[in-house]
Amino acid sequence: MTAPTDFTTFMRNYQDMVYSTAVRLIGNATQAEDISQEVFLKAYEHFDNLGTSPTAGGWLKTVATNLSINHIQRYKKRWSFFSDLVHRDDEGGEKEVEFAAPDTFFSGVDTAERREWVDRALRELPEHQRIPLVLYHFEDLPYDEIAKKMHVSLSKIKTDILRGREALAKILVRSGSTHEVFEK
């Protein structure tokens, strides 16, 4: 990306990335917009350095991630609509996620629609599963770093990611029937 000439151009270049980072973590479009505004206020304060920095995108993504996590932790008690129920299998063991859908599950679904479908499904997950899942799969953070950011144990993060994958797969399979082509 070439160096922007002004802050408005800079903001336009990165606004989608910042917003999508926040909305995946927070699960709420309005709150993600607020987080995005905060990110760009911080960016404006540091624009002298960021405007020409080749790592500006990484900096913005990190700030968006950190502000989102801080927001969630600060307002956790207000988020009573998220379930705190944890799925435990009878043996207490962890199992691989199995997708019951056939290979044609995503046939006829374009990339943008697939992304929106996954984002909708992510919003259905409780925050203790959604946040580590997004940080691991979309932000490429390792388990230990996610545990530090969220102030929980490494084993809890691993469990929440595993269970989040399983729950996400169930949501996608359940909502996927409208995308399937059934032959008579």
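Below is a table of values for the structure above.
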{"read-out": "Total residues in segment 9-52, condition hydroxyl-bearing (Ser, Thr, Tyr) and surrounded by fewer than 19 Cβ atoms within 10 Å (Cβ to Cβ)", "value": "6"}
{"read-out": "Helices (runs of 4 or more DSSP H) completely within segment 1-54 that count 2 or more residues being under 25 Å from Leu133 (Cα atoms)", "value": "7-26, 29-45"}
{"read-out": "Residues within segment 118-162 that are closer than 19 Å to Gly58 by Cα, among the acidic types (Asp, Glu) and buried (at least 19 other Cβ atoms within 10 Å of the Cβ), tallied", "value": "0"}
{"read-out": "Where Thr55 falls short, out of the listed (1) at pLDDT below 90; (2) of a type in the set (Val, Ile, Thr); (3) surrounded by fewer than 18 Cβ atoms within 10 Å (Cβ to Cβ); (4) not assigned by TED's automatic domain parsing to the domain that holds Arg123", "value": "(1)"}
{"read-out": "Among (1) exposed (fewer than 10 other Cβ atoms within 10 Å of the Cβ); (2) over 19 Å from the mean Cα position of the chain (by Cα); (3) modelled with pLDDT of 50 or more; (4) of a type outside the set (A, V, I, L, M, F, W, C), the one test that Arg74 misses", "value": "(2)"}
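The values are calculated or read from the model by the stated rules, or taken from the named source; none is laboratory data. Computed from a predicted structure; not experimentally measured. Positions of Cβ are backbone-derived with ideal geometry, glycine not excepted, and every protein chain shown enters the neighbour counts.
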